[in-house]
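Heads up: the structure comes next, in structure tokens.
The values are calculated or read from the model by the stated rules, or taken from the named source; none is laboratory data. Predicted model only: the values in this text are computed from it and were never measured. All Cβ positions, even for glycine, are placed from backbone atoms using ideal geometry, and neighbour counts span all protein chains on display. Accessible surface is based on the protein model in full, side chains and every heavy atom, while ligands, DNA and RNA are left aside. Shrake-Rupley method; radii C 1.70, N 1.55, O 1.52, S 1.80 Å.
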Amino acid sequence: MTAHGREAASADGGRSAEEERAAEEERAVDQALALVGHKARARHRPPEGPGETPPKPTPSSPVSPPSPVSPPSPSPSPSSSAAAADSASAGPESRPEPGLTPSSPARSAPTPGATPPSSPTPVVPPLAAPASTADSASSRPHGASSADRPASSPHAHRTGATAWHAARALAERLGRAAPLAAHRFPLDRALGHVLAEAVVALTDLPSFDTSAMDGWAVAGPGPWTVKEGEGLLAGRGSTEPLPDGQALRIATGARLPADATAVIRSEHAHCDEARRLLYAGREVVQGQDIRPRGQECRSGDELLPAGTVVTPPVLGLAAAAGYDALLAVPRPRVDVLVLGDELLTAGLPHDGLIRDALGPMLAPWLRALGAEVAEPRRLGDDAGALRRALVSSDADLILTTGGTAAGPVDHVHPVLAEIGADLLVDGVAVRPGHPMLLARLAEGGPCLVGLPGNPLAAVSGLLTLAEPLLRGIAGRPTQDRYRAPVRQEVHGHPHDTRLIPVVHREDSVVPLHYNGPAMLRGIAAADGLAVVPPGGVRSGTEVEILDLPWASASPWTEGCFT
């Protein structure tokens, strides 16, 4: 076969594999949703009157706890399978660094406490290799002693882990599965909510012909005789017709008198006070500097569709269109439960105790995603306290941090099984963060996203499961995906997707240092995360980008801002 023929065959094979993977992920999503008895959500029906909220439906039949649902991972190549087998049989110290391909030389991770590079831009040199700490070791927070961790986590290389794209799709569709509740919010309380119905113009805008400039309203050709009086001001003034050949002073926004043909700006006119004549300094065109009635919209025009996030300009437009309140979906309510006895809330780490990095980070992050977030609750490693918190929550979403692996104090799985929760995602094929999970509490309870305890692994879980789930619950439109070329070569994990903090640099993105599962230094400087497929990518390859909600969108990413 010629080289061209081999390339064509390879391309055809890639397309069919991609189609097969997409179909497989779609089946996994449908199967998982079927387990909790959900169907696609119908469009919102507004309540009968202001302030009324339709009740949430209760399940029509009891739901039996299912087994974890996840599509099979793509079959690795023989070399990858051998590498995985070697890694599984080897001790913890002899395993390759996660994220390095079997053929890649191991790279030394930054030594804890070592002086960081003095480069002003924290950019990884030619290869963005992860830190040597494997997030598969445990879901305990960063800094936890290795003595507290199981020697070999059952989450490592889990064959049943859900593919990353499938996990995100499942989370969003689960959020959209229940009917939307809506309230009629006064404008001063509607900010940040999502419109449950379209905003339709209640009147023409402007509702009458107005002057666009301070100057003179004139009728017919000039010169014009100046009409006596103080002139026309915005919000008051005479509505009498303006006779042909006359001029009258007018302010910006004032209603134009009937029969006026143009407005002459003050700086373009000369008034002969003695003769009471007005002369134009340049040609006057009929209709100039007049905002005609209905220029912006006509009564009945759709100004904003349902699903629009209420921003300050949306409030201004609604007010201009005559609205006093907007029908909108309330912001999703989120409870954050921080697990771990080793966490400090103040001061320096000491005696094996470490600072809680997730409690201060998650609440404002979730608010940036449009959620109402209660003050994080710190439960320690107490299975009873966790159970009580789960069964008593009235939130739409519960986030837990840590405890999602199989260590002696990792209580999330046992407690979920005890209360009869539906475990929909039990591990995701992504690094860092693969011990994350997604569950639906029994009898129509809230959803739960279990985040790993390591900080960057928790960020991965937040963007993989919590963010699309919240978007679905809030009725926000599906986020548009966009891609950008990565400036440097990035090694990938042999089997899993990798999420790498990046910064925008002109027309590409650059990977950042300090991207290990226990590190926040890279994400703190990042504009977003690059989605690196298994096996990694070469420099110049386009990868999907997950923007951070506070990152400024570059011109070439317009329309893709989260």
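Relative contact order for the range 217-342: 21 percent, from Cα pairs under 8 Å spaced at least 6 residues apart, divided by residue count. Applying 1/(1 + (r/R0)^6) with r as the Cβ-Cβ distance of residue 178 and residue 267 and R0 = 41 angstrom yields a FRET efficiency of 0.10. Taken along the Cα-to-beta-carbon direction at a fixed 7 Å, the label points for residue 202 and residue 372 span 2.5 nm.
For the range 405-547, the solvent-accessible area works out to 28 Å² per residue, with a probe of 1.4 Å and every protein chain left in place. Rounded to the nearest 0.05, the FRET efficiency derived from the C-beta distance between residue 542 and residue 276 at R0 = 51 Å is 0.15. Of the solvent-accessible surface of the range 158-212, computed with a 1.4 Å probe and all protein chains present, 60% belongs to carbon and sulfur. Under the combined filter of DSSP loop state and at most 14 neighbouring Cβ atoms within 10 Å, the range 171-242 retains these chymotrypsin sites (Phe, Trp or Tyr not before Pro): 208. Close amide H contacts of residue 428 (hydrogens built in the peptide plane, cut-off under 5 Å, sequence separation of 5 or more or a different chain): 162, 436. Highest-first packing order for the peptide set 465-474, 499-508 is 465-474, 499-508, based on the mean count of other beta carbon atoms within 10 Å. Counted residue by residue at 0.36 nm each, then reduced by the alpha carbon distance between them, the extension gain from residue 296 to residue 230 reaches 20.8 nm. For the range 308-317, backbone phi angles converted through the Karplus equation (6.51, -1.76, 1.60; θ = phi - 60°) give residue-by-residue couplings of 6, 6, 6, 10, x, x, 5, 4, x, 5 Hz, Gly and Pro being listed as x.
Once both labels are positioned 7 Å from their Cα atoms along Cα-to-Cβ, the gap between residue 351 and residue 311 label points is 5.1 nm. Compared with the direct C-alpha span, the chain from residue 319 to residue 478 gains 54.5 nm at full extension, assuming 0.36 nm per residue.
Between residue 454 and 142, the built amide H atoms are under 5 Å apart, and every one of these is 5 or more places off in sequence or on another chain. Protection proxy ranking of 190-201, 431-442, 306-317, 333-344, by the mean of other Cβ atoms within 10 Å over each peptide's residues and highest first, is 431-442, 333-344, 190-201, 306-317.
With the charge dipole of the range 388-519 set up from +1 on Lys and Arg Cβ and -1 on Asp and Glu Cβ about the Cα centre, the Cα lying farthest toward the positive end among the listed residues 495, 510, 412 is that of 510.
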